[in-house]
Each structure stands twice: as C-alpha cells, then as structure tokens.
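Visitor: This is the structure, below, for whatever I ask next.
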Amino acid sequence: MLLWVWIAVVVVALIILLSAAVPLLGRLGKLRRAVRGLQIRQESAMKLQGKAAELQRTVLAVQERAAKLSARQ
C-alpha cells in the first residue's frame with residue numbers, strides 16, 4: 001500500500017513539473033528570435049561604426065589638405 005502512495009506522489013510531482021516546464025519551453029523560441037534580432041542589430045552597428053571611422057579619417061585628410069592649401073596662399 002505504501003508503494004502506491006509513493007508512486008502517486010511521484011506522478012503528481014511529475015505532472016506539476018511538466019505543467020511548469022511547458023510554458024517555459026514555449027518562451028525559449030521567443031527568446032531565441034529576440035537574441036537573433038539583437039545579433040543582427042549588433043552586426044549592423046559594427047558595420048556602421050566601421051563606416052563612421054572611415055568617414056572620420058576621410059574628413060581629417062580633407063581638413064589637412066585644406067590647411068595646406070590655405071597655408072600656401
């Protein structure tokens with residue numbers, strides 16, 4: 001008789017555990033999509049950062065050329 005009580009306790013515990021785990025597993029898909037979206041944004045930001053650095057170097061080169069030209073006059 002005691003064995004059946006223990007089996008019932010384990011079964012009830014497993015049912016409770018599964019009922020708590022199923023919604024969490026459903027959220028994992030949303031989290032994966034959110035993480036992928038953030039990774040895409042990070043890649044875009046890094047590309048923009050590289051382009052901004054290149055633009056800054058170009059601006060500095062133009063400023064130096066302008067300074068040299070104004071020094072000649």
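The values are calculated or read from the model by the stated rules, or taken from the named source; none is laboratory data. As the structure is a computational prediction, the values presented were derived from the model and not from experiment. Note: ideal-geometry Cβ built from the backbone for every residue, glycine included; neighbour counts use all protein chains shown. The area values use the complete protein model at the heavy-atom level, side chains included, leaving out ligands, DNA and RNA. Shrake-Rupley method; radii C 1.70, N 1.55, O 1.52, S 1.80 Å.
Visitor: Find how much the distance from LEU31 to ARG57 grows on full extension, using 0.36 nm per residue of separation minus their present alpha carbon separation; answer in nm with one decimal.
Guide: Difference between extended and current length: 5.5 nm.
Visitor: In Å², and per residue, what accessible area does the chain have when probed at 1.4 Å with the other protein chains present?
Guide: 98 Å²
Visitor: On to the next question. Leaving out ligands, DNA and RNA, and with a 1.4 Å probe, what % of the accessible surface on the chain is carbon or sulfur?
Guide: On the chain, the fraction of accessible area on carbon and sulfur atoms equals 69 percent.
Visitor: To the nearest 10 square angstrom, how much accessible area does VAL10 have with a 1.4 angstrom probe?
Guide: The accessible area comes out at roughly 80 Å².
Visitor: OK, next. With every protein chain left in place and a probe of 1.4 Å, what is the accessible surface of LEU38, to the nearest 10 Å²?
Guide: Near enough 110 Å² of accessible area.
Visitor: Just from its helices, what would the mean residue ellipticity at 222 nm be for the chain, if runs of 4 or more DSSP H residues each count -39500 (n - 2.57) and the sum is divided by every residue, rounded to the nearest 500 deg cm²/dmol?
Guide: Computed mean residue ellipticity for the chain: -37000 deg cm²/dmol.
Visitor: Determine, at each q value in 0.28 (inverse angstroms), the log₁₀ of I(q)/I(0) that the Debye formula gives when each Cα of the chain is one equal point scatterer.
Guide: Each listed q maps to, in turn, -1.09.
Visitor: Would you check the accessible area of VAL9, probe 1.4 Å, heavy atoms only, in square angstrom rounded to 10?
Guide: Around 80 Å² of this residue is reachable by solvent.
Visitor: Got a sec? Charge dipole of the chain, +1 on Cβ for Lys and Arg, -1 for Asp and Glu; which of GLN56, MET1, ILE16 is way out at the positive end?
Guide: Selected residue: GLN56.
Visitor: Stretch GLU64-LYS47 to full length: gain in nm at 0.36 nm per residue minus the Cα-Cα span?
Guide: Residue separation times 0.36 nm, minus the Cα-Cα distance, leaves 3.5 nm.
Visitor: So what's the angle, to the nearest 10 degrees on a 0 to 90 scale, between helix 2-72 and the longest Cα principal axis of the chain?
Guide: 0 degrees
Visitor: Tell me the Kirkwood hydrodynamic radius of the range 32-73 in angstroms, computed as one over the mean inverse distance between distinct C-alpha pairs.
Guide: After inverting the pairwise mean of 1/r, the radius is 12.6 Å.
Visitor: Please get the size of the charge dipole for the chain, origin at its Cα centre, with Cβ charges of +1 on Lys and Arg and -1 on Asp and Glu, quoted in debye to the nearest 20.
Guide: 480 debye
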